[in-house]
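As structure tokens, the structure follows; a few thoughts come after it.
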Amino acid sequence: MMRTALLLTLAMLPWVAVAAPAPPLTDKQRLARDWGTLAGPGEYRFDGERLILRSHTGMRASELNNTALCTVPRITRTVRGDFDMTLRVLDLTHPLSTESQGNLGQFTTSAGLVVMSDDAYISFGLNQIYYRLVNFPNPDVLHRYVYLQAIMINQGGTGWGHSHEDGKATYLRLKRQGEKILAAHSFDGEKWTDAKDVLANQNFALPDEVTVGVFVLHNTHQVVQATFDRFTLTQPSSSNKLFK
């Protein structure tokens, strides 16, 4: 009798299906979910939460927003309307001072955030330069800047640079708010520069739909890589203030 009652009780219990654990995301799935899609000749890999983006060649890049001409890697996605975008650049390959011996020019590596349309782009990031120019002092000193360029293809543009604090990471923020693109940077993620309106007093406009993401750029004959993390891309309401 007791055995019969036990069997009846067990039969009345709800059946609980135990789902198999979801398989871990592949690197390609992680990239698409958190960063975007790889474009240009290059490769990427993850080191924990960090993304390493690496070029294939030392061919000089012509236009960041032109897939046919650009010879360096970008990871991007398309957005419409206002957005907030942040990034930390942890490391960037130095341009080789030895390869420029006997040659004149500016030998650079750069990495950071990019905003692109068919006929314009804004690049904002860390720029490292060896200057080898006639009568230019200290050609073997590596100059590091946080720089911004806003370029209209075939029309020129504007730009600026701020000296970098050596030994520190580069934190970047770009925010689109209506007609404005606001930029700010930090070296500790807490104390930020005042937000600067990139397009103020410029004959420069972006369409509603743009491509945004991260890039590595250089004009050297070496393989160059950058290490990124803390990438965010959000499209908040107009009342959400990114820059305080």
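Test K180 against the criterion of being more than 17 Å from the chain's Cα centre (by Cα) and of a type in the set (K, R), and give yes or no. Spelling it out, K180 is indeed more than 17 Å from the chain's Cα centre (by Cα) and of a type in the set (K, R). Screening D229 on (1) over 25 Å from P41 (Cβ atoms); (2) under 16 Å from the mean Cα position of the chain (by Cα); (3) of a type in the set (D, E, K, R) shows it passes everything except condition (1).
All conditions in (1) closer than 19 Å to L126 by Cα; (2) touching a strand residue (DSSP E or B) at 6+ places or on another chain (Cβ under 8 Å); (3) surrounded by fewer than 18 Cβ atoms within 10 Å (Cβ to Cβ); (4) modelled with pLDDT of 90 or more hold for D166, with the sole exception of (4). The C-beta contact set for segment 65-94 (first residue within 20 Å of I129 (Cβ to Cβ) and hydroxyl-bearing (S, T, Y), second residue assigned to a loop (DSSP other than H, G, I, E, B) and modelled with pLDDT of 90 or more, distance under 6 angstrom, 6+ apart or interchain) comprises T93/V224. For V212, state whether it is in a strand (DSSP E or B), surrounded by 15 or more Cβ atoms within 10 Å (Cβ to Cβ), out of contact with any Phe, Trp or Tyr (no Cβ under 6 Å at 6 or more places or on another chain) and at pLDDT below 95. Judged against the criteria, V212 is not a match.
Select from segment 232-244 the residues that are closer than 30 Å to R45 by Cα, at pLDDT 50 or above and not in a strand (DSSP E or B) and list them in ascending order.
Q235, P236
Scanning segment 20-37 for residues that are part of a loop (DSSP other than H, G, I, E, B) and farther than 19 Å from T234 by Cα gives A20, P21, A22, P23, P24, L25, T26.
Scanning segment 27-56 for residues that are surrounded by fewer than 16 Cβ atoms within 10 Å (Cβ to Cβ) and in contact with a helix residue (DSSP H, G or I) (Cβ under 8 Å, 6 or more places away or on another chain) yields a count of 3. The strands (runs of 3 or more DSSP E) found wholly in segment 131-198 and carrying at least 2 residues that are hydroxyl-bearing (S, T, Y) and touching a residue at least 24 places away in the same chain (Cβ under 8 Å) occupy 170-177.
The values are calculated or read from the model by the stated rules, or taken from the named source; none is laboratory data. Predicted model, so just to flag it, every value in this text is computed and none were measured. Glycine also receives a Cβ, built like all others from the backbone with ideal geometry; neighbour counts cover every protein chain displayed.
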